[in-house]
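The values are calculated or read from the model by the stated rules, or taken from the named source; none is laboratory data. Quantities reported herein were computed from a predicted structural model and do not represent experimental measurements. Using ideal geometry, Cβ is built from the backbone for each residue, glycine included, and neighbour counts are taken over all protein chains shown. We work out accessible area using only protein heavy atoms, side chains counted, and drop any ligands, DNA or RNA first. Shrake-Rupley method; radii C 1.70, N 1.55, O 1.52, S 1.80 Å.
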Amino acid sequence: MTSSAAIWDKLENLPRPTLGELFSAVRDGGEGADEPGGTDRVAMLSGRIELEEGGILFDWSKTHLDRAVIAAFEELVEAMDFSGMRAKLFGGEVVNPTEGRAADHATLRGTGDEAKVEEAMALIDRMGMLVDAIHQGALGEIEHLIHIGIGGSALGPALGVDALSRDLSYFDVHVVSNIDGVALEAAFAKCVPAKTLIAVASKTFTTIETMTNAQSALKWLADNGVSDPGGRVIALTANPEGAVEWGVDETRILPFQESVGGRYSIWSSIGFPIAMAVGMDDFRAMLGGAKAVDEHFRDTDGAANLVLRAAFADLYYARVRGCQTRAVFAYDERLGLFPDYLQQLEMESNGKRVTADMQPVDGPTAPITWGGVGTDAQHAVFQLLHQGTHLVPVDFIASIAPGDELDPAHHRILLMNCFAQGAALMAGKAGEDPARNYPGDRPSATILCDDLDAAALGALIAFHEHRVFANAALMGINPFDQFGVELGKAMAKAIEKGGEEFDASTEALLGASGISR
Ligand code: F6P
């Protein structure tokens, strides 16, 4: 079998036809003569994942993937034993060796090891019972929910609530993550204490930002006449003992598995505010959409696997074409928080410098994920995409069905712009002068949902989770730990404790801000 180093070498040295050349059906019998162009190319590099209702189209034809590049990546799939890694993931085996853990997030959608799926379903049912009970008034007249968490304990809930509860929300949900008290005060200002529930979301139940915010929320309830503030707290955690110790009654603790990582936890009880806002049926539909992607990813081999194909393009741009960033633009206001969500998912997972067996990685790992919403971003950052010196692969995400009920012109203009951007990036245009010249040959992929409902959101998120996994498996890195975040936390603790000397700059900043040490 060819070594991965030899495959990367091959990829480096393959011919680099432009997108224009790849789309051209005319090949003159020369090199690449069997490369399909035009609509055949679109057919070769597009595919759908069907959901219970509707589905999602994944069009990777405007990337530089061609038969030769794909064939090389398929060799890499073999060389890195991708199938073995994937079988371990879905089999509930250890795929996070530094922490000796499995990564069981898919079990919460009903995919994976049978016993683990059963355990996960019981946890979801338990959450469902509490959600339904609260909806029926078990905790009194509740109108507001302040969800306190950070990182993976906040980004998913914020995205899910924002994306799915615009038409109908059973509760007024506020997600607070930052330790900056301004964030919590903003939520307080919008809630009536007597009608407010507090969800404390923390996998570890030790994160200083979350625990400090939770204490302040309890104080706010007490200061505003709520007689039993503790009775208003729901804990969402993989550390139920910690929650009990903190003072939460066991009946109001919704646990999840230790083997579900923070940034993969939206499917667990961390998704409680989503279920509160949209109801359990929609929450379960979100899980169902994710399950459809699990099954596609688990059961499809080679480049026909749409997730794997996306990972081929990611790796090709990051490692062969030297792209340091990857941009994601949702042409859908409801996905405004999706780039933030992806930033943690991709960068915390694959921003690594050693392989799973502790060797230095043999090339760049995760590019920097950034993005925004279209069309806003067109009027702000797209200049760089079209004419800047960086090559930035772009993903566009859109929904065929509109999310609004205004004049259909709104949605038509939105989608037209989305498709026009991909076409313009690829085609470019010769200018009368260099300033008006568009080089073109800039890659993009388009993810087009029939509708952006709960199932589609679940599918989109699961697609990206597995995309991250596929990237990691092909690079030989562990996407499930995050030791990089620990040093800064330890230093903050050391500053708080005092007695340790820091560098002159940090000492000066501490002195200037009057932080007592
Ligand atoms: O510091 C990073 C991190 O550990 C993330 O991975 C995690 O999502 C976040 O902190 C919050 O952790 P917890 O849910 O344990 O409060």
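Here are the numbers for this structure:
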item	result
Test: residue in the range 370-378 that is open to solvent by 60 Å² or more (accessible area, probe 1.4 Å) and out of contact with any strand residue (DSSP E or B) (no Cβ under 7 Å at 6 or more places or on another chain)	yes
Subset of the range 227-254 that is within 13 Å of the ligand (Cβ to nearest atom) and outside any helix (DSSP H, G or I) - its residue that is most open to solvent (accessible area, probe 1.4 Å)	Asn239
Every residue from the range 166-183 that is assigned to a strand (DSSP E or B) and either of a type outside the set (Val, Ile, Thr) or in contact (Cβ under 8 Å) with a residue 60 or more places away in the chain (or both)	Asp172, Val173, His174, Val175
Scope the range 42-66; condition surrounded by 21 or more Cβ atoms within 10 Å (Cβ to Cβ) and either assigned to a helix (DSSP H, G or I) or among the small types (Gly, Ala, Ser) (or both); matching residues	Leu45, Ser61
Tally of residues being more than 16 Å from the ligand (Cβ to nearest atom) and under 29 Å from Ala455 (Cβ atoms) across the range 314-356	15
Residue in the range 186-226 that is surrounded by the fewest Cβ atoms within 10 Å (Cβ to Cβ), counting only those that are more than 16 Å from the ligand (Cβ to nearest atom) and part of a loop (DSSP other than H, G, I, E, B)	Gly225
Sole exception among (1) in contact with a helix residue (DSSP H, G or I) (Cβ under 8 Å, 6 or more places away or on another chain); (2) closer than 28 Å to Ser349 by Cα; (3) within 16 Å of the ligand (Cβ to nearest atom) for Ala163, by number	(3)
Any hit, the range 269-277, residues being within 14 Å of the ligand (Cβ to nearest atom), touching a residue at least 60 places away in the same chain (Cβ under 8 Å) and under 30 Å from Phe419 (Cβ atoms)	no
Tabulated pairs, the range 222-245, first in contact (Cβ under 8 Å) with a residue 40 or more places away in the chain and within 20 Å of Gly262 (Cβ to Cβ), second within 16 Å of the ligand (Cβ to nearest atom) and among the β-branched types (Val, Ile, Thr), C-beta under 6 angstrom, 6+ apart or interchain	Leu236/Ile270; Ala243/Thr237; Ala243/Ile253
Residue among Val131, Val69 that alone is more than 20 Å from Ala455 (Cα to Cα), assigned to a helix (DSSP H, G or I) and more than 24 Å from the chain's Cα centre (by Cα)	Val69
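Per-residue answers, yes or no, for (1) under 29 Å from Val354 (Cα atoms); (2) within 22 Å of the chain's Cα centre (by Cα); (3) of a type outside the set (Gly, Ala, Ser); (4) more than 16 Å from the ligand (Cβ to nearest atom):
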position: Asp441; (1), (2), (3), (4): no, no, yes, yes
position: Ile447; (1), (2), (3), (4): no, yes, yes, yes
position: Leu457; (1), (2), (3), (4): no, yes, yes, yes
position: Phe463; (1), (2), (3), (4): yes, yes, yes, yes
position: Asn471; (1), (2), (3), (4): yes, yes, yes, yes
position: Val485; (1), (2), (3), (4): yes, yes, yes, no
position: Phe502; (1), (2), (3), (4): yes, no, yes, yes
